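None of the figures in this text is laboratory data; all of them are computed from the coordinates on show. As the structure is a computational prediction, the values presented were derived from the model and not from experiment. For neighbour counting, all protein chains shown are included, and Cβ atoms are generated from backbone atoms with ideal geometry for every residue, glycine included.
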Amino acid sequence: MEKIKFYFIKVLKENFANFSGRARREEYWYYSLAVFVISAILSVLSKAGIVGVIFSILSFLFSLCILIPGIAVSVRRLHDTGRSGWWLLLCLIPLIGHIVLLVFMVTEGQKGENKWGDDPKKEVNA
């Protein structure tokens, strides 16, 4: 639970709109898990009658707030695998684009430095 909280806050606070550099798999997936859990909770609560309207609005606002950081962490994740952030446009291709992006996101990052920066694993292991 601590890692989820750590990476969620790290992406929102330190790297809100940072499209340069690299993001480890761990950073990307823990952030994604936190967003999924929060979205699921808000979705369930939005079905709760009249009070649900408030949670529907909160859900919409949450989605707006995480749009830029979500794109930024995805671009940095692609950078870690040695790909340009423009590969994120694959999500515009139904099904196949999402499958290809999923494969890219689970792929281990390049070892050592690449043109987007130092290996983020090196910083942790040092």
Cα pair distances exceeding 21 angstrom across segment 1-95, given as percent: 40 percent
Going highest first, how would you order 15-24, 70-79 by mean Cβ packing within 10 Å? 70-79, 15-24
Using only Cα atoms, tell me the angle between helix 96-106 and the longest principal axis of the chain; keep it within 0 to 90° and round to the nearest 10. 60 degrees
Cross-link list LYS10/LYS111; LYS5/LYS121; LYS3/LYS47; LYS10/LYS122: which exceed 25 angstrom alpha carbon to alpha carbon? LYS3/LYS47
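Of all the C-alpha pairs in segment 57-109, what % are more than 12 Å from each other? Walk me through the numbers on the way to the answer.
Values: 910 of 1378 pairs.
Cα-Cα pairs in segment 57-109 separated by more than 12 Å: 66 percent.
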Treating only Lys and Arg (+1) and Asp and Glu (-1) as charged, each at its beta carbon, one finds that the chain has a dipole about its Cα centre, in Debye to the nearest 20, of 60 debye
